[in-house]
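Student: Structure in structure tokens, see below.
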Amino acid sequence: MGAAMYQVHLDRQDELAKSYTAAEKLGDKELANTIRDRQEYESLAYERDRGMSYLSTCEALYGRESKQFKEQEVDVKELASQADRAHEKMMESHRILKERDQSQKSNLSKLSSRKPHRRRILSRISKPMNPDMR
């Protein structure tokens, strides 16, 4: 996951921050809280994706011949341990994301039906993230 993915993440966070500010200016605390939750949700998704990338890198290194590891003086057990920790962290983030996704969907549907100014802001925050980040 490179610099381009990070820039997409930053752009999306900036867009959500602007929506949050707009909701606060309108005095809509419920909408502002929903947008803040969405920011946190997408940050977790980005971290999960980074973890998956790190995990695949560790798995690739772990899969090389042991001769290469000896030559490079890399501790295979440490790499496996790091991969296991990254996998556990990624699975925990994934579990949290699934829970939050369900609550986000119900919150967004409740919010969109209440006040007209919310529809415009909600249309910006409820669009799906970049498919590469999912």
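The numbers here are math on the coordinates, done by the rules we state, and not lab data. The model shown is predicted, which means the values in this text are computed figures rather than measured ones. Counting neighbours? That spans all protein chains shown, and the Cβs are built from the backbone with ideal geometry, glycine included.
Student: Based on this model, can you work out whether Asp14 counts as over 21 Å from Ser93 (Cα atoms) and among the charged types (D, E, K, R)?
Tutor: Yes; evaluated as a whole, the condition is true for this residue.
Student: So the check is Cβ under 6 Å with 6+ separation or different chains; which pairs have a first residue in segment 22-46 that's more than 15 Å from Asp101 (Cβ to Cβ) and a second one that's of a type in the set (Asp, Glu)?
Tutor: Ala32/Glu24
Student: Take segment 13-38 and flag every residue that is in a helix (DSSP H, G or I) and buried (at least 19 other Cβ atoms within 10 Å of the Cβ).
Tutor: Leu16, Ser19, Tyr20, Ala23, Leu31, Ala32, Thr34, Ile35, Arg38 - these are the residues of segment 13-38 that are in a helix (DSSP H, G or I) and buried (at least 19 other Cβ atoms within 10 Å of the Cβ).
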